[in-house]
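Read the figures in this text as sums done on the coordinates, not as results from a lab. What you see is a predicted model, and the numbers here were worked out from it, not measured in a lab. Here Cβ is always computed from backbone atoms with ideal geometry, including for glycine, and neighbour counts include all displayed protein chains.
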Amino acid sequence: MAKKEYIKPFIKKQTTGMMNKFGRSYHKSYRDEIEGVKINAITEKFGSPVFVFSEKEIRKTYRDIYREFSSRYPKIQFSWSYKTNYLDAICGIYKQEGLIAEVVSEFEYEKARNIGYRGDQIIYNGPFKPEKALKIAFEENAIVNLDNFDEIFKAEKVAEKLGKKVDVGIRLNMDTGIYPQWNRFGFNLENKSAYNAVKRIFKSEWLNLKGLHSHIGTFMLEPKAYAVQVKKTIELMRILDKEFNIQLDYLDFGGGFPSRNKLKGTYLPPEIAVPPIKDYVEAISNTLLSELTPDEYPLVYLETGRALIDEAGFLITTVDAVKRLPDGTKSYIIDAGVNFLYTSTWYNYKVEIDRQVQGAFENSVVYGPLCMNIDVVLENVSLPPLNRGTKLILSPMGAYNVTQWMQFIRYRPAVCLIMEDGSLELIRREENLQDVITPEIVPEKLKKK
């Protein structure tokens, strides 16, 4: 009979389950399936860790939000924010649902074109647009929103070379009562920078102003800020009509709607702290309807990302080791690290276990597999005693992780999609050595003999 490992006894006060300033401990649950597909079946097919997305949840979430908005305001077009998740399979679902693409780089523009979007089905935003990328966007009649005066000059130069006057929009930033104010991107309303940009474009031989765009923040928890945004944008729209006789084709109010993830440092669970999406819809649509007459209604774009996809994504990861830290804190090492989980910087994920586990819950820390001290996936999570091989299901995982992940120390994992019919499809395979070294070039002198 094998000798049991000796574990030094310790005493540590625990407050698990008791009320404190952070509320009750967040989530004590388990699940053995996602959309009817067993966790073990997924990992047996694609390994661990593995990202999992639900086609059913993606489509349902979008249709619910679209129905909420289109039932209130008649001229609405949603676009899919590529930087949130640019996997072709995910973008293809949104394309089928009727969303156009919103990109912020030439790479994302190319990716959107590659799955069949036409140029006029792409909104091109962002603070940096190379001349070559602008040339393609103007040739293909993309919706281009300019960010700064140098970009205005650049756009004029490109249009002149093309020999045609091109349509553009400008990005605005403004005070909506939210701190810190997003003022890095676009032209400021309050200091007249936006007005001066309009005046400059109005005098241009090569540019037509067709729209106003603004994106006031990310993971916004105050719907009223959108009402301020809409009202201020409409006020500028009226100035353009009155002073320059410019009639706009569209207003673009960006995105920034939150998901049901839990931000670090927040006391309340997301079910309480995060307003429902309908509150954001009402703030935008009610302001549009109260400030405009029906014959003034412009086409409105919403570039939604996180709120559409986050809850549709999961990460399945496996406990590889269990240990006690010197202060007695229970810790676990899992096979997924912060190189895959960029959002662990600001989220406390929901954690579910693949089985029911008996035993007292204990405040624990969960580390990834990287040989880096910063590889902390969960700083303080309430868990029962877990054995090696236990699988953890982390969520929501749909937004930003598979675009901001990096190949560091370990290969990036597979990504799969549970289809509406319950079948399981691989949509990005696990990386291998060839994926990493293919772009590398070794000088002849350094090649192995």
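Against the longest principal axis of the chain, how steep is helix 149-162, in degrees 0 to 90 to the nearest 10, with axes from Cα atoms?
Result, in degrees: 70.
Taking segment 244-315, how much of its Cα-Cα pair set, in percent, is spaced more than 16 angstrom apart?
The proportion of pairs with Cα distances above 16 Å equals 61 percent.
Any idea what the dipole of segment 115-267 comes to, in debye rounded to 20, about its Cα centre with Lys/Arg Cβ at +1 and Asp/Glu Cβ at -1?
It works out to roughly 300 debye.
Any idea how many Lys pairs in segment 185-318 come in under 13 angstrom at the alpha carbon, given 8 or more places apart or on separate chains?
4
Where nothing but the Cβ of Lys and Arg (+1) and of Asp and Glu (-1) is charged, how large is the charge dipole of segment 26-140 around its Cα centre, in debye to the nearest 20?
For segment 26-140, the charge dipole is close to 280 debye.
May I ask which residue of Leu394, Tyr367, Val338 lies farthest towards the positive end of the charge dipole of segment 334-441, with charges of +1 (Lys, Arg) and -1 (Asp, Glu) on Cβ and the Cα centre as origin?
Working it through, the farthest residue towards the positive pole turns out to be Tyr367.
Would you mind calculating the gained length between Lys264 and Ala360 on full extension (0.36 nm times residue separation, minus the Cα-Cα distance), in nm to one decimal?
Net length gain for the segment: 32.1 nm.
For Tyr411 and Arg429 in the same chain, what is the full-extension length gain: residue separation times 0.36 nm, less their Cα-Cα distance, in nm?
Computed gain between Tyr411 and Arg429 is 5.4 nm.
Build a GNM of the chain with springs between Cα atoms under 10 Å: which of Lys95, Lys154, Lys192 gets the top mean-square fluctuation?
The residue with the greatest mean-square fluctuation here is Lys192.
With axes computed from alpha carbons, what is the tilt in degrees of helix 193-202 against the longest principal axis of the chain, rounded to the nearest 10 within 0 to 90?
Rounded to the nearest ten degrees, it is 50.
What FRET efficiency comes out for Asn196 versus Tyr297 if R0 is 41 angstrom and r is the Cβ-Cβ distance? Round to the nearest 0.05.
Efficiency computed from Cβ-Cβ geometry: 0.90.
Please check: in the Gaussian network model of the chain (C-alpha springs, under 10 Å), which one of Asn208, Asn380, Asn432 has the largest mean-square fluctuation.
Between Asn208, Asn380, Asn432, it is Asn432 that shows the largest mean-square fluctuation.
With an 8 Å cut-off on Cα pairs and a minimum separation of 6 or more residues, tell me the relative contact order of segment 55-309 in percent.
Value for segment 55-309: 20 percent.
What's the center-to-center distance, using Cα atoms, between segment 388-449 and segment 56-111 in Å?
What the calculation gives is 24 Å, centre to centre.
Just need the relative contact order of segment 128-267 here, percent rounded to a whole number, with Cα pairs under 8 Å and 6+ apart.
22 percent
Sort 371-377, 184-190 by the packing proxy (mean of other Cβ within 10 Å over each peptide's residues), most packed first.
Highest-to-lowest ranking by the protection proxy: 184-190, 371-377.
Quick one: angle between helix 224-244 and the longest Cα principal axis of the chain, in degrees between 0 and 90, rounded to 10, please.
It works out to around 20 degrees.
Over the Cα atoms of the chain, what radius of gyration and what Dmax do you get, in Å?
My reading of the Cα-based Rg and Dmax gives 24.9, 90 Å.
Which net charge results for the neighbourhood of Gln434, defined as the other residues with beta-carbon distances under 14 angstrom from its beta-carbon, given Lys and Arg at +1 and Asp and Glu at -1?
Local net charge: -2.
For a protection proxy built on the mean count of beta-carbon atoms within 10 angstrom, sort 270-282, 29-41 highest first, please.
So the order, starting with the most tightly packed, is 270-282, 29-41.
Rounded to the nearest Å, what's the spacing between the alpha carbon centres of segment 206-281 and segment 335-382? Just the number, please.
33 Å
Can you tell me which lysines have their Cα less than 21 Å from the Cα of Lys95? Leave out same-chain residues fewer than eight positions away.
Lys95 reaches Lys56, Lys60, Lys75, Lys83, Lys111.
Evaluate the charge dipole of the chain about its Cα centre and quote only its size in Debye, nearest 20, assuming +1 on the Cβ of each Lys and Arg and -1 on the Cβ of each Asp and Glu.
With only Lys, Arg, Asp and Glu charged at Cβ, the dipole is about 1500 debye.
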